[in-house]
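*Asks:* After the structure tokens below, expect a handful of questions from me.
The values are calculated or read from the model by the stated rules, or taken from the named source; none is laboratory data. What you are looking at is a predicted structure, and each value in this text was computed from that prediction instead of being measured. Cβ sites come from the backbone with ideal geometry, for glycine too, and all protein chains shown count toward neighbours. Just the protein is used for accessible areas: all its heavy atoms, side chains included, with ligands, DNA and RNA removed. Shrake-Rupley method; radii C 1.70, N 1.55, O 1.52, S 1.80 Å.
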Amino acid sequence: MILINFFEPETSSWQPISLAQLPSVLSADARVWINLNDASIDEQQQVLQRFAIAPTLVEDFIRERHPPKLEAQDNFTLLVMRGYADIDFSEYISSAQVNLIYSKQVLVSRIDCHNPQLLAQLTPNIDSKHGAIISDWVKQIIITVSASYLEKLINFEDEQSELEDAMLHRGNDEQMALIMRYRSVLRKINRNLTYQKDIFADAIYEEQNPLLRNFTETELRDFYEKFERLHSMTDLYYDQLSDLVQGYLSTTSHQINERMKVLTMVSTIFIPLTFIVGIYGMNFINMPELQMNNGYFITLAAMAAGGVAGLIWFKIRGWW
Amino acid sequence: MILINFFEPETSSWQPISLAQLPSVLSADARVWINLNDASIDEQQQVLQRFAIAPTLVEDFIRERHPPKLEAQDNFTLLVMRGYADIDFSEYISSAQVNLIYSKQVLVSRIDCHNPQLLAQLTPNIDSKHGAIISDWVKQIIITVSASYLEKLINFEDEQSELEDAMLHRGNDEQMALIMRYRSVLRKINRNLTYQKDIFADAIYEEQNPLLRNFTETELRDFYEKFERLHSMTDLYYDQLSDLVQGYLSTTSHQINERMKVLTMVSTIFIPLTFIVGIYGMNFINMPELQMNNGYFITLAAMAAGGVAGLIWFKIRGWW
Amino acid sequence: MILINFFEPETSSWQPISLAQLPSVLSADARVWINLNDASIDEQQQVLQRFAIAPTLVEDFIRERHPPKLEAQDNFTLLVMRGYADIDFSEYISSAQVNLIYSKQVLVSRIDCHNPQLLAQLTPNIDSKHGAIISDWVKQIIITVSASYLEKLINFEDEQSELEDAMLHRGNDEQMALIMRYRSVLRKINRNLTYQKDIFADAIYEEQNPLLRNFTETELRDFYEKFERLHSMTDLYYDQLSDLVQGYLSTTSHQINERMKVLTMVSTIFIPLTFIVGIYGMNFINMPELQMNNGYFITLAAMAAGGVAGLIWFKIRGWW
Amino acid sequence: MILINFFEPETSSWQPISLAQLPSVLSADARVWINLNDASIDEQQQVLQRFAIAPTLVEDFIRERHPPKLEAQDNFTLLVMRGYADIDFSEYISSAQVNLIYSKQVLVSRIDCHNPQLLAQLTPNIDSKHGAIISDWVKQIIITVSASYLEKLINFEDEQSELEDAMLHRGNDEQMALIMRYRSVLRKINRNLTYQKDIFADAIYEEQNPLLRNFTETELRDFYEKFERLHSMTDLYYDQLSDLVQGYLSTTSHQINERMKVLTMVSTIFIPLTFIVGIYGMNFINMPELQMNNGYFITLAAMAAGGVAGLIWFKIRGWW
Amino acid sequence: MILINFFEPETSSWQPISLAQLPSVLSADARVWINLNDASIDEQQQVLQRFAIAPTLVEDFIRERHPPKLEAQDNFTLLVMRGYADIDFSEYISSAQVNLIYSKQVLVSRIDCHNPQLLAQLTPNIDSKHGAIISDWVKQIIITVSASYLEKLINFEDEQSELEDAMLHRGNDEQMALIMRYRSVLRKINRNLTYQKDIFADAIYEEQNPLLRNFTETELRDFYEKFERLHSMTDLYYDQLSDLVQGYLSTTSHQINERMKVLTMVSTIFIPLTFIVGIYGMNFINMPELQMNNGYFITLAAMAAGGVAGLIWFKIRGWW
């Protein structure tokens, strides 16, 4: 389904029209926003061919899951971004895929996002009586994409502090599994953010960058910084989770060691003693020690001596 | 065996000919594709000398397993690539070795691939009535090489998610061995992709790059991005597998700790008690306690007290 | 609450005034310091609009927790820094947030710091009879920020040496938890220092850097070096803590191994022997061995032989 | 011992001569190769002073174990390389040290290699009737050095595959020790290769590089690629061995866990039961239960119930 | 205490003089070396002010523990270096701090080194009848600093080989602690060497570097290479120690696994059997099995069958 919104400069109003109704030549004040969220691939190609958009842009635009990218041909710029559509980092369903092709007068968008709230924020606002400035829409979308990560990352900070406390005191397998999920999600996000950060980093350093057509250098630097901070935050959180896993491993290992110590000491002292008492529990007819009047007491004394010797040995070896 | 396909501009058709039949001077519209897949080293050298190709190119071309590389001398460009020929990443037999030497009119190819389907895709299509454009063939091969990785990487994503679930809940040695194989294969692929990515990265930044003779900058950037994404995906998957191994280690260690706790508590409480009951199971003739009327009950009470004391001690130490 | 200090060149004295009293045009010798530490967001915006400061600067200035950053528009420079406000690295409450906007005549500051001593050091000194040089104030603040880290890092060196000794000899869970907290704090600090280091690194290499308006290259290099050394120190300490964790893990593992060795040897030798003595403790009516006159001695000898055989087996296997 | 081979253009033949016999001025077609393999430090200095070679080159040349390096002064170039002299990577005795100083007419070499076969390959061939081109000799030596690594690295691939299989199924301490040796050797080699790779990388990018006097850029790129591939291979193998160690650790840990599970279940169920049977094996005169007619059967039933309860408890906790 | 050595060109001799005796203008051939090793901070400042040295240099010079650094102002250059003053890497007390300020005629030095032998080597030699060239002194000091690391690093190679053998065969806690100390020291050294390497790396690439006033590019490259090699060696040794720790952990883990296997098998087989023999050692009056004539033999046979079944079960599970 192709949804076209057309701003008629004559009537100064936005009209939903069909592709056929779109004038072949746009007057300078006209604006077009084409929403292809629910369009089939055929419909997408039809629209993009209508504006004679270069095939390399078209190909990347219509792909289901293209990583973030910027490319320009003639007057049109392709901008592919990815927002974070899920509630938090414990469950990663899929990213919000934001595919845009825009010129000064036309915006073609295809946004695939399972979170209706984020989808609404990513949708251009056409309630204005005046024709919109396309680059403002694009700017709004870029900022929304960056904000979709920021919210969750800020919430994550608290969550992680709690996790840190929990792991060091009463870590268990569910928490470990949660950490593993977090790490997996943060890695994926980090990759998306790397691409998005690089798009704007390139824009700052390249003289001919297509983003410079619509944005000032200050805006681009601002976009870059937003994504750079997000990237640095995901790095930080990922690394802190890694430290947590490593620290947990050490703590666990230490506890095993402590338990092992107790077990070994108890076993080493009592298992041989139990063997000795077992000996004198045997029912052989001829066991001279059993007939000795002091046998029992001698045996007890010998065992006590053995036990004490064991304790001394452990003490010397520094076990406690 | 040397297989030569020659496009005669006069008859506008492709003809299989022998090396001897090849005209010494090619007319501007003539095209030649020489398939050396099954040629011996002598035959390869014979063909390459026929076109007076520089020895450094020849040497790299005829090597059995040369890593990906680009080099040009005079009008000829050597392009060595490696595709992924196996079904998935659990078993790595060998890469698809793609050795090409081409000019505007001549393509010499040697493709060594144990997967017949991929081999077919890597073979130029000569069914056309018109003479082919050599660079289109090369482009097709580059795209096929990149696709040979992409398919398996996309499939791998699901496989890895399953593995992640499995490892955290019922990990076993076979899965661990599988992960190790995956990691080993991903490392090897990653190295191949690094070389291939760098070939096109260089092409974008170097002004005199031989690829610029046949391809536009947009095409090169597209090739670069394809391989860069593949590279970044293998990095991601490799790192996620590493995280999985580390997480598995922590989980395992935690479970050992839990078991150790149970074992130590049971042993520490019951082994000394068993020693005590063993004492009174001894058959010495003179054991005064045995003759006491309440001896049994006193002993039972003492042992119960000892057991409770042990439990309290563990409680205080925070074992449960 | 807006606190304005105004230096009147006529009276050569500092006066607390209200925003309304501030002259619309400042004479060349006049200086203004506006303290917004306790100002609401509305008040902050009111002040910043008064000086017609660019919205991008304003937005970053009024944000609660903005990472370190430098930006300039027109005559005004925004400098955001973060000092270390806590006593040491074992407990990280929050950084000292230092937000400055300054020109040659005006300094607007908002400093958020829970440590009153550091806050005092970060506050410009207006006791002078002469008008201050704004850049000297800024310099003083930069140096104070760097010193707020340095003190704690120098103290940390000793603390870490002790920790190192402790972990290798009598490591326990509390120390492990302390190390984990240290590592977490050092990571966060390191990130702040990276941003602050980069601010001054950029200033050295960029020709048009806004810091060059107020500082000489020697001063900038000095600032850069201060933060670079701090960054390098946090890196070093973080890495040494990581080594410590890893070494502790190895040591622990080794001790588990030693204990395991003792336990296994004792158990392997005595558990089977205990089984044997248990056999001859059974009360079956017909147990021929029990009736043998030498049964007891034969059994003892056999068990001694078994024990010695076990020891020899362990010796051969190299267990001790 | 100084071995001098002199090519007399008049007689077109190579002659062994003494240092004193060497003409003070060499005619354009004359060539000299001085072999200092067995020369003392004094002899080396004597020869190098004879050609007025700069002291900085001399100092590096005569050092026993100088890492790979390239330096030129006047007409002479110092090239220090290191080949791999041992059979494989399991035992690293020492590298083949290759010290060369050469100009267009003179080659001074000192090669220290405990492998006679490699030493022979590294020795220039003077059987020619024509005077040699010095740079061809140097080229031959560079290629031989690179080949000395390549052979062993190619063999190592198979060895490592086997090791991989072995470690995952029946890893033992000897294999672990072998892996540790391999890793140690690969690290050392990697460092040598880094230096050698950098020598040629510099040569490609520096305009005034001394290697450009004697070699074409194509040759230099070829040398660079050879060492770059070797470097990348050692990196790959090293990393794969690291993965192997990590995987082995995880596998081992998993097996410990499995064994721990069995041990804990058996102990937890049977140790308390053994305590109970021990109780009724005591010989107190007054133990009422023993006199009950059904005492034995009640006890057996209670113990069976206890055992089953234990199994159920383990089942609920998910131990099997 | 300020020690001043003054070379009088008139008498061509070195004279110890006081600060007051120092001529206010130095003749071209005069040289001054001021040793501030034992000077108080006041004395240091007094001397440095005498030569009108810039405050930024003074500040860094008088600091107790400044990391390696190079800075120049006017004719004076500040060079701070750190040598290795301890015997080996097992015990790190403190570095040798070398603070120099020099011009063509004046050298001010403050060297803080607890090793008297190294201190002597770092002290300029004034026994000459001719006035010294200051840059030769500085060069000598730089070389001595680099040599102070090199000696210990070369000795360390052997030490580490032994450690490697020891750890893999009979690793213990003391060796582990030694490795941890080595790693800690190597990290610290590595940081010092990074700074010192960078000083000379900058000198090679910067056109206006102050070191170029006194040293040729060849000398600077030589200094750079010395420190670069030291840096690369510490990296290598550090990494090899890390590998050793990791390998030790794997080996230990494997041994725990082996011991666990033995323990579990012995316990799993004998603990249930011991329970059974315990049953028939009970003294209930009514235990029918005990009255059976073949009870004992049936029980023995059943237990043997149980033991064999256990062994078979372990065999099937692949425990041996």
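*Asks:* Out of the DSSP beta bridges found with both residues in the stretch B:3-251, what percent are antiparallel (nearest 5)?
*Replies:* For the stretch B:3-251, the DSSP antiparallel bridge percentage is about 90.
*Asks:* Mind telling me which of B:259, B:221, B:191 comes out most flexible in a GNM of chain B, alpha-carbon contacts under 10 Å?
*Replies:* B:259
*Asks:* So what are the stretch A:1-48's ellipsoid semi-axes, whole angstrom, largest first, if each one is the square root of 5 times an eigenvalue of the alpha-carbon gyration tensor?
*Replies:* Ellipsoid half-lengths, sorted descending, are 21, 11, 8 Å.
*Asks:* Report, to the nearest whole %, how much of the accessible area of the stretch E:3-251 belongs to carbon and sulfur atoms, 1.4 Å probe, protein only.
*Replies:* Whole-percent figure for carbon plus sulfur exposure: 48.
*Asks:* What average count of beta carbons from other chains do you get within 10 Å of the Cβ of residues in D:53-66?
*Replies:* The mean count of partner-chain Cβ atoms within 10 Å per residue comes to 1.
*Asks:* When the Cα atoms of the stretch B:1-124 are enclosed in a convex hull and the volume is divided per residue, what value in Å³ results?
*Replies:* Enclosed volume per residue, from the Cα hull, is 107 Å³.
*Asks:* Follow-up question, since we're still on this one. When you look at the Cβ of every residue in A:232-239, what mean number of other chain Cβ atoms sits within 10 Å?
*Replies:* Whole-number average of other-chain Cβ neighbours for A:232-239 is 3.
*Asks:* Taking the Cα centre of the stretch A:195-251 as origin, sum charge times position over the Cβ atoms of Lys and Arg (+1) and Asp and Glu (-1), and report the length of that vector in debye to the nearest 20.
*Replies:* 180 debye
*Asks:* While we're on this one: Given a 1.4 Å probe and the protein chains all in place, what does the accessible area of residue A:184 round to, in Å² to the nearest 10?
*Replies:* 10 Å²
*Asks:* Let me ask something else. Over the stretch C:262-317, what per residue volume does the convex hull of the Cα atoms give, in whole Å³?
*Replies:* Residue-normalised Cα hull volume stands at 69 Å³.
*Asks:* In chain D, which longest range has no GluC sites (Glu not before Pro) that are both DSSP loop (not H, G, I, E or B) and surrounded by at most 10 other Cβ atoms within 10 Å?
*Replies:* That would be D:92-206.
*Asks:* With +1 assigned to the C-beta of every Lys and Arg and -1 to the C-beta of every Asp and Glu, and no other charges, what is the dipole magnitude of chain E about the Cα centre in debye, to the nearest 20?
*Replies:* Rounded to the nearest 20 debye, it is 1100 debye.
*Asks:* List the distances, in nm and shortest first, from the label point of residue C:217 to the matching label points in every other copy, placing each point 7 Å from Cα along the Cα-to-Cβ direction.
*Replies:* Label-point distances to the other copies, shortest first: 2.0, 2.0, 3.3, 3.3 nm.
*Asks:* On each of the three principal axes of the Cα atoms of the stretch D:166-288, give max minus min coordinate, whole Å, ordered largest first.
*Replies:* Largest first, the stretch D:166-288 extends 107, 21, 17 Å along its Cα principal axes.
*Asks:* Can you give the % of DSSP beta bridges in the protein assembly as shown that are antiparallel, to the nearest 5?
*Replies:* Counting DSSP beta bridges with both partners in the protein assembly as shown, the antiparallel share is about 90 percent.
*Asks:* Say we join alpha carbon atoms closer than 10 Å with springs in a Gaussian network model of chain E; which of E:265, E:292, E:176 then has the biggest fluctuation?
*Replies:* Maximum fluctuation in the GNM of chain E, among the listed residues, is at E:292.
*Asks:* Report, for residue C:38, each distance to the same residue's label point in the other copies, shortest first and in nm; define the point 7 Å along Cα→Cβ.
*Replies:* From this label point to the equivalent ones elsewhere in the assembly: 5.7, 5.7, 9.3, 9.3 nm.
*Asks:* Hey, can you find the accessible area per residue of the protein assembly as shown for me, probe 1.4 Å, expressed in square angstrom?
*Replies:* Computed with neighbouring chains in place, this is 43 Å² per residue.
*Asks:* State, as an integer percentage, the relative contact order of chain A based on alpha-carbon contacts under 8 Å between residues 6 or more apart.
*Replies:* Once normalised by length, the contact order is 13 percent.
*Asks:* Still on this structure: Between residue A:157 and residue B:202, what's the calculated FRET efficiency when r is the beta-carbon distance and R0 is 35 Å? Round to 0.05.
*Replies:* 0.25
*Asks:* A further question on this structure: If I take the Cα coordinates of the stretch E:146-212 and project them onto the principal axes, what are the three extents in Å, biggest first?
*Replies:* 56, 18, 17
*Asks:* Could you work out how much longer the chain between residue E:64 and residue E:37 gets when fully extended? Use 0.36 nm per residue separation minus the Cα distance between them, nm to one decimal.
*Replies:* 8.6 nm
*Asks:* Can you pull the accessible area of residue E:82 for me, 1.4 Å probe, Å² to the nearest 10?
*Replies:* For residue E:82, the solvent-accessible surface is approximately 30 Å².
*Asks:* Which Cβ of chain E lies nearest the axis of the rotation superposing E onto D, and at what whole-Å distance?
*Replies:* For chain E, the closest residue to the axis carrying it onto D is E:281, 3.
*Asks:* Under 10 Å, Cα contacts only: if you run a Gaussian network model on chain A, which one of A:268, A:216, A:251 comes out with the highest mean-square fluctuation?
*Replies:* Greatest mean-square fluctuation among the candidates belongs to A:268.
*Asks:* At 0.692 mPa s and 37 °C, plugging the Kirkwood radius over alpha-carbon pairs of the protein assembly as shown into Stokes-Einstein gives what diffusion coefficient in µm²/s?
*Replies:* In µm²/s, the coefficient is 82.
*Asks:* Based on a Kirkwood Rh over C-alpha pairs, give the Stokes-Einstein translational diffusion coefficient of the stretch D:189-257 at 20 °C and viscosity 1.002 mPa s in µm²/s.
*Replies:* In µm²/s, the coefficient rounds to 151.
*Asks:* Still on this structure, please answer the following. Given points 7 Å out from each Cα along the Cα-Cβ axis, report the residue E:12 to residue B:217 separation in nanometres with one decimal.
*Replies:* My value for the distance between the label points is 7.0 nm.
*Asks:* So, one more: With the Cα gyration tensor of chain C in hand, convert its eigenvalues to equivalent ellipsoid semi-axes via √(5λ) and list them largest first in whole Å.
*Replies:* Semi-axes (√(5λ), whole Å): 75, 19, 15.
*Asks:* Could you give the size of the charge dipole of the protein assembly as shown about its Cα centre, using +1 on the Cβ of each K and R and -1 on the Cβ of each D and E, expressed in debye and rounded to the nearest 20?
*Replies:* 4320 debye
*Asks:* Going toward the positive end of the dipole of the stretch A:3-251, with +1 on Lys and Arg Cβ and -1 on Asp and Glu Cβ, which of A:182, A:237, A:220 do you reach last?
*Replies:* Of the candidates, A:220 comes out farthest on the positive side.
*Asks:* Relative to the longest principal Cα axis of chain D, at what angle does helix D:217-279 sit, 0 to 90 degrees, rounded to 10?
*Replies:* Once rounded, the angle reads 20 degrees.
*Asks:* What trypsin sites (Lys or Arg not before Pro) does the stretch D:87-154 have in DSSP loop regions with at most 16 other beta carbons within 10 Å?
*Replies:* Listed in order of number, the matching sites are D:104, D:129.
*Asks:* Using a 1.4 Å probe and counting only protein heavy atoms, arrange A:319, D:14 so the residue with the most accessible area comes first.
*Replies:* From most exposed to least exposed: D:14, A:319.
*Asks:* Between the label point of residue D:204 and that of the same position in each other copy, find the distances and list them shortest first in nm, with every label point placed 7 Å from Cα along the Cα-to-C-beta direction.
*Replies:* 1.8, 1.9, 3.0, 3.0
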